[in-house]
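See below for the structure under consideration.
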Amino acid sequence: MVDQLQNKIFKIISNIVDDNNIESYVIGGFVRDILLKRDSKDIDVVVVGSGISIAKQVAKKVGNLKVSVFKTFGTAMFKYNDVEVEFVGARKESYNRNSRKPTVENGTLKDDQERRDFTINALAISLNNKTYGKLIDPFGGINDLENKIIKTPLDSDITFSDDPLRMLRAIRFATQLDFTIEEKTFNSIVRNKDRINIISKERIVDELNKIVMSTNPSYGFRLLDKSGLLKIIFPELYELKGVEIIDGLAHKENFDHTVKVLDNLCRTTDDLWLRWAAIFHDIAKTRTKKFITGQGWTFHAHEFVGAKMVPKVFNRMKLPMNEKMKFVQKMVLLHLRPINLAQEKVTDSAVRRLLFDAGNDIDKLMLLAEADITSNNRAKVSKFMNNFALVRRKLKEVEEKDNIRNWKSPISGELIISTFKISPSKTVGIIKDSIKDAILDGEIENNYESAYNFMLKKGSELGLSDTKGYCEKF
Ligand code: ATP
Ligand code: MG
């Protein structure tokens, strides 16, 4: 165990706590992660005494580092070579029902381990010289690490009711580490699920983001569903569950499909917001579904209705209401376009329109569209993938030729106004749009001269006279 405590800081702490004649341990996530050989950065040190005083002494010794002290929590931390080292006095906690903020008193190492959420997060390693490197594992955390089990150290009902955020942490750790939640612990989440309502939306989103950034987020979303938490924290996603059958025809199970798309996308991108776009891409399917005799199930306009839902759900869940939301909204709105294109003849003008609408997000949109193919029919999937490859080639070709990604009209509104001596009006928009359409449809080239001539032609069709030309002639 000793050789796993490689950071120089541990020996320094060791000498200082010995000089002070108090016990100290490295504890929690850091210990779990070194045992799992995962990257672990932040170090939590528990001191049976004053964490603040030890933090100050250690910081002074390693080079007069600046210490941030949080008196109310009895904690202090400093940054040492990019690593945050946090010191806390061992403590005992007691909770009241309406808050996740406990009353705190000084305690022993055991008390401190008991207040931790899971057995695998309650492991401690001694830092005192005499027992340096000794593992203290009162709840069988090592066993649970080996068997990949998430389990609370004490009665789960108390642990979860005290701080309901722990229910989400259980699901988050299970997803990140690919662990199983012990049955008793899981049943307790089911019993306590409604307690999640005392947790702030921001905290909930933090945990959801960690689930979304895991290798297989579908596992986490299925656990959220099974526990009953999904229905409470994300009812719109829950709403996608279930299959209806009419005239012997069933539609896709849209929750299952959505989380599969999410997993697929995780193979090709680490972009958190593109991953959220996968979660939202079919969010309006239940709301738009209709059975049409002779045609089967349709989800007409689900991309439009879905895009409209994005800001509402983001706002309620306290996801950011900024350009990230706008990006997710745009992806939802456009998610069917590449596949529709791949199913038709891939014309230059259709490709130009897609490039124009997606702009710089075109590559991300293609990843989402590819991840969206979850059919079990191998032949169908491989046909789509071939068509996508063709779409990608065309996208590249057309972009090189026509430069549509960040397209700006070669003709400004002002030029239209001054050319025809008209006031700013609807007509200006009509002419501008017709120029855009002509370029995207390949009717004219994407340059000033062609666009200018087209503008004159369009103007005369609308009964406007080119006053500039007139003046120049006379
Ligand atoms: P990560 O840093 O990946 O989120 P972590 O386990 O280090 O995982 P932190 O939130 O950094 O999680 O917390 C550090 C330690 O503090 C945990 O390992 C656990 O022992 C304890 N802890 C954190 N949050 C809670 C909680 N809500 N209830 C009980 N113990 C907690
Ligand atoms: Mg941590």
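The values are calculated or read from the model by the stated rules, or taken from the named source; none is laboratory data. Just so you know, these numbers come straight off a predicted model, no measurement behind them. A quick note on method: Cβ atoms are made from the backbone with ideal geometry, for glycine too, and the neighbour counts reach across all protein chains shown.
Some observations on this one:
- Of everything in region 38-60 that is in contact (Cβ under 8 Å) with a residue 40 or more places away in the chain and β-branched (Val, Ile, Thr), the residue that is farthest from ligand 2 (Cβ to nearest atom) is Val48.
- All conditions but one from (1) of a type outside the set (S, T, N, Q); (2) within 16 Å of ligand 1 (Cβ to nearest atom); (3) out of contact with any helix residue (DSSP H, G or I) (no Cβ under 7 Å at 6 or more places or on another chain); (4) not in a loop (DSSP other than H, G, I, E, B) apply to Lys56; the one that does not is (2).
- Qualifying residues in region 294-313 (those that are in contact (Cβ under 8 Å) with a residue 12 or more places away in the chain and in a strand (DSSP E or B)) - the one surrounded by the fewest Cβ atoms within 10 Å (Cβ to Cβ): Gly296
- Within region 20-37, restricting attention to residues that are without any contact (Cβ under 8 Å) to a residue 60 or more places away in the chain and not in a helix (DSSP H, G or I), the residue that is nearest to ligand 1 (Cβ to nearest atom) is Lys37.
- Against the conditions (1) within 30 Å of Asn7 (Cβ to Cβ); (2) more than 23 Å from the chain's Cα centre (by Cα), Asp157 satisfies every one except (1).
- Phe173 of a type in the set (Phe, Trp, Tyr) and away from ligand 2 (no atom under 16 Å from the Cβ): no
- Only a single item in (1) in contact with a Pro (Cβ under 7 Å, 6 or more places away or on another chain); (2) modelled with pLDDT under 95 is not met by Asn340, and it is number (1).
- Hits in region 416-436 (condition: of a type in the set (A, V, I, L, M, F, W, C) and farther than 24 Å from Asp357 by Cα): Ile417, Phe420, Ile422
- Criterion applied to Lys11, Lys61 was being charged (D, E, K, R), more than 15 Å from Ser126 (Cα to Cα) and assigned by TED's automatic domain parsing to the domain that holds Pro138, and the one residue passing it is Lys61.
- Count of region 182-218 residues which are over 24 Å from His257 (Cα atoms) and either of a type in the set (Gly, Ala, Ser) or in contact with a strand residue (DSSP E or B) (Cβ under 8 Å, 6 or more places away or on another chain) (or both): 5
- Residue count for region 114-140, restricted to those that are of a type outside the set (Asp, Glu) and within 16 Å of ligand 2 (Cβ to nearest atom): 9
- Helices (runs of 4 or more DSSP H) fully within region 76-175 counting 3 or more residues that are within 19 Å of Phe30 (Cα to Cα): 109-114, 141-146
- For Asn406: the one exception among (1) more than 27 Å from the chain's Cα centre (by Cα); (2) touching a residue at least 12 places away in the same chain (Cβ under 8 Å): (1)
- Qualifying residue in region 57-80 (condition: at pLDDT 95 or above and among the hydroxyl-bearing types (Ser, Thr, Tyr)): yes
- Extreme residue, farthest from ligand 1 (Cβ to nearest atom), among residues of region 113-146 that are small (Gly, Ala, Ser) and closer than 28 Å to Asn15 by Cβ: Gly133
- Val17 satisfies every condition listed in (1) crowded, with 16+ Cβ neighbours inside 10 Å; (2) within 16 Å of ligand 1 (Cβ to nearest atom); (3) touching a residue at least 60 places away in the same chain (Cβ under 8 Å) except (2).
- Put simply, of Lys61, Lys110, Lys11 the only residue that is basic (Lys, Arg), away from ligand 1 (no atom under 16 Å from the Cβ) and under 18 Å from Leu135 (Cα atoms) is Lys11.
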